[in-house]
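These notes concern the structure reproduced below.
Computed from the coordinates by the stated procedures, all read-outs in this text should not be read as laboratory data. Predicted model only: the values in this text are computed from it and were never measured. As a convention, Cβ positions derive from the backbone with ideal geometry for all residues, glycine included, and neighbour counts pool all protein chains shown.
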């Protein structure tokens, strides 16, 4: 079941990474955001294994991609907090707007899932992640807030 990744305990997320990619129309590049557990080497091309086309998205391959680290506990809290929204069938209504891909390393390789998020669910998606980030994760908050404001300009 693809949603099982959202139930991952901190112990299962020692080597994990997640990627948020904007898929909507744009007049300027919007940086992809990748967060990962501290000490984990990010392998961007692994995300392509989760995508239908088995390729990275255009924004993923631009030099603007931003990275920040989270603790395994923080990663687990983000996924648990997102589970209700990502399990709701309405989250993906409308054209693809955001891609949220999550993967973790296991003894047998990698396990993960890509979630497509429609524009109506996008604001809540960002708010949930920001609320789940530790207060002292200033880098993560700054990077995620920048993408949020680029995707949903005020």
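So which residues in the range 61-95 are under 16 Å from residue 116 (Cβ atoms) and touching a strand residue (DSSP E or B) at 6+ places or on another chain (Cβ under 6 Å), if there are any at all?
Across the range 61-95, the qualifying residues are 86, 91, 92.
Given the criterion assigned to a strand (DSSP E or B) and on the phi < 0 side of the Ramachandran plot, identify the matching residue among 101, 149, 139.
Unique residue meeting the criteria: 101.
Any residue at all in the range 68-86 that is assigned to a strand (DSSP E or B), in contact (Cβ under 8 Å) with a residue 40 or more places away in the chain and under 24 Å from residue 26 (Cα atoms)?
Checking the range 68-86: at least one residue is assigned to a strand (DSSP E or B), in contact (Cβ under 8 Å) with a residue 40 or more places away in the chain and under 24 Å from residue 26 (Cα atoms).
For the range 104-122, which residues satisfy the criterion of being in a helix (DSSP H, G or I) and more than 25 Å from residue 56 (Cβ to Cβ)?
Matches in the range 104-122: 120 only.
From (1) under 21 Å from residue 97 (Cβ atoms); (2) in contact (Cβ under 8 Å) with a residue 24 or more places away in the chain; (3) exposed (fewer than 14 other Cβ atoms within 10 Å of the Cβ), pick out the condition that doesn't hold for residue 9.
The one condition residue 9 does not meet is (1).
So for the range 105-114 (the condition being under 23 Å from residue 146 (Cβ atoms), surrounded by 14 or more Cβ atoms within 10 Å (Cβ to Cβ) and free of Cβ contacts under 8 Å to residues at least 40 places away in the same chain), does at least one residue qualify?
No, that holds for no residue.
Would you mind stating whether residue 33 is touching a residue at least 60 places away in the same chain (Cβ under 8 Å) and either surrounded by 15 or more Cβ atoms within 10 Å (Cβ to Cβ) or under 18 Å from residue 142 (Cα atoms) (or both)?
yes
In the range 131-154, what count of residues is obtained for those that are over 13 Å from residue 19 (Cβ atoms) and either in contact (Cβ under 8 Å) with a residue 60 or more places away in the chain or crowded, with 16+ Cβ neighbours inside 10 Å (or both)?
Within the range 131-154, residues that are over 13 Å from residue 19 (Cβ atoms) and either in contact (Cβ under 8 Å) with a residue 60 or more places away in the chain or crowded, with 16+ Cβ neighbours inside 10 Å (or both) number 11.
Looking only at the range 29-67, count how many residues are closer than 19 Å to residue 111 by Cα and assigned to a loop (DSSP other than H, G, I, E, B). Give the steps one after another, and end with the answer.
Step one: of the range 29-67, the residues closer than 19 Å to residue 111 by Cα are 34-56.
This time we only want the ones that are assigned to a loop (DSSP other than H, G, I, E, B), so: 38-43, 51-56.
Number satisfying all stated conditions: 12.
Taking the condition under 19 Å from residue 42 (Cβ atoms) and either more than 15 Å from the chain's Cα centre (by Cα) or touching a residue at least 60 places away in the same chain (Cβ under 8 Å) (or both), does residue 97 pass?
No: the conditions fail for residue 97.
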